[in-house]
Amino acid sequence: MNKWLALAMTLTVAVAADTQEQPAAQDPPGAADFRAGTEAVKKNDFDAMIVSFEKALAANSTLFHSHYYLGYAYRSKQNWTKCGDNFSQFLQKLGDQNAPTEKANATKEGGLCFARAESYGKAIPLLQTAAAANPNDALIHNSLGISLTRENRDAEAEVVFSKVIQLKPEIANPYYFAGRVNFYKQDLAKAEPRLMKYLELDASGTFVPDAHFLLGSIAYQKVDQGGDKAVLYPSVKAHLTKFLELRPNAPQTPDALYILGYVAAQEEDNAAAKGYFERFLQLRKEGPQAEEARRFLAELTGP
């Protein structure tokens, strides 16, 4: 018997005991379907669970413990929205009743399912409660961090991802998410090592191109802050060239082309600068950077 089934069976005893010994004629609406559902729980028959518990609820909404089982059943089907909705409804109807284990399970699993369903606003309060109760559970914290990021709550997300890094330093994505927040807060001292660690842990990950763009931008900003060009320009070129190779049509592509053109011009590599600025102007024809690129190209061609 798996863990969730063992815990679920405690509810079966509590909820079904009053109906199991009654003659069928005295059954409240939905009781027979509820009992059929509990038998399906014992067999891990998720299809039968869904049919039986849905029928029980349709007949009698007071059999709200059905939502608890349905949450697990729909989780098994990867129907994340129905999984989250059922656990959430169970919690609402449970209220202040004394069922700490079931409440904790529904809170955690409901939050995780809502996060997987990309219902981040619904996921966050459940995951925050679950994270407080499980301070060493990296999965909960990671899902909470992602949900906060998707809801543009970056400052909170950075704190959560920092916790994930502490708990599971071998997981790559939290380094990217935390480093990205650090970058946009201009905390470059934190952003750079986190983004580098992300690349070290997952060189083919989803966010590799974006990490290269951010690292190239960091090196470029360091030059602007008085850093050593001889040390930093190679880093700018390496990261932004890799970014363009991996994502040539990204929204950040014009910015990468402009920076590379500027660096090439500073290094008096006019042929490279000309190529970058021409490509840049194909994508961005207006703005101060476009004017700067046109001036450089005009100087190259002469009167």
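All of the numbers you see were taken from the coordinates with simple rules; none came from a lab. If you're wondering where the values come from, they're calculated on a predicted model, not measured in any experiment. Because the Cβ atoms are built from the backbone with ideal geometry, glycine has one as well, and the counts that use them run over all protein chains shown.
Worth a mention:
- Per-residue packing, averaged as other Cβ atoms within 10 Å, sorts the ranges 282-288, 269-275 into the order 269-275, 282-288, beginning with the highest.
- Proxy reagent accessibility, fewest Cβ within 10 Å first, across Asp47, Asp27, Asp33: Asp47, Asp27, Asp33
- Too-long pairs where the Cα-Cα distance tops 29 Å, listed order kept, from Lys122/Lys185; Lys55/Lys122; Lys43/Lys108; Lys93/Lys163; Lys42/Lys103; Lys122/Lys168: Lys93/Lys163
- Shape class for segment 195-292, computed from the alpha carbon gyration tensor (a ≥ b ≥ c): oblate, with a/c not under 1.5 and a/b at or below b/c.
- Calculated from backbone phi, Karplus (6.51, -1.76, 1.60) coupling profile of segment 205-221 in Hz, x at Gly/Pro: x, 4, 9, 4, x, 5, 4, 4, 4, 5, 5, x, 5, 4, 4, 5, 5
- Derived from the Cα gyration tensor, the three semi-axes of the equivalent ellipsoid of segment 120-171 are 16, 13, 8 Å, largest first.
- Cα pair distances of the chain binned at 10 Å [whole percent]: 6, 21, 21, 16, 13, 10, 7, 4, 1, 0, 0
- At most 12 other Cβ within 10 Å, DSSP loop - chymotrypsin sites (Phe, Trp or Tyr not before Pro), segment 40-135: none
- Difference of contour (0.36 nm per residue) and Cα-Cα distance, Lys77 to Asn249: 58.3 nm
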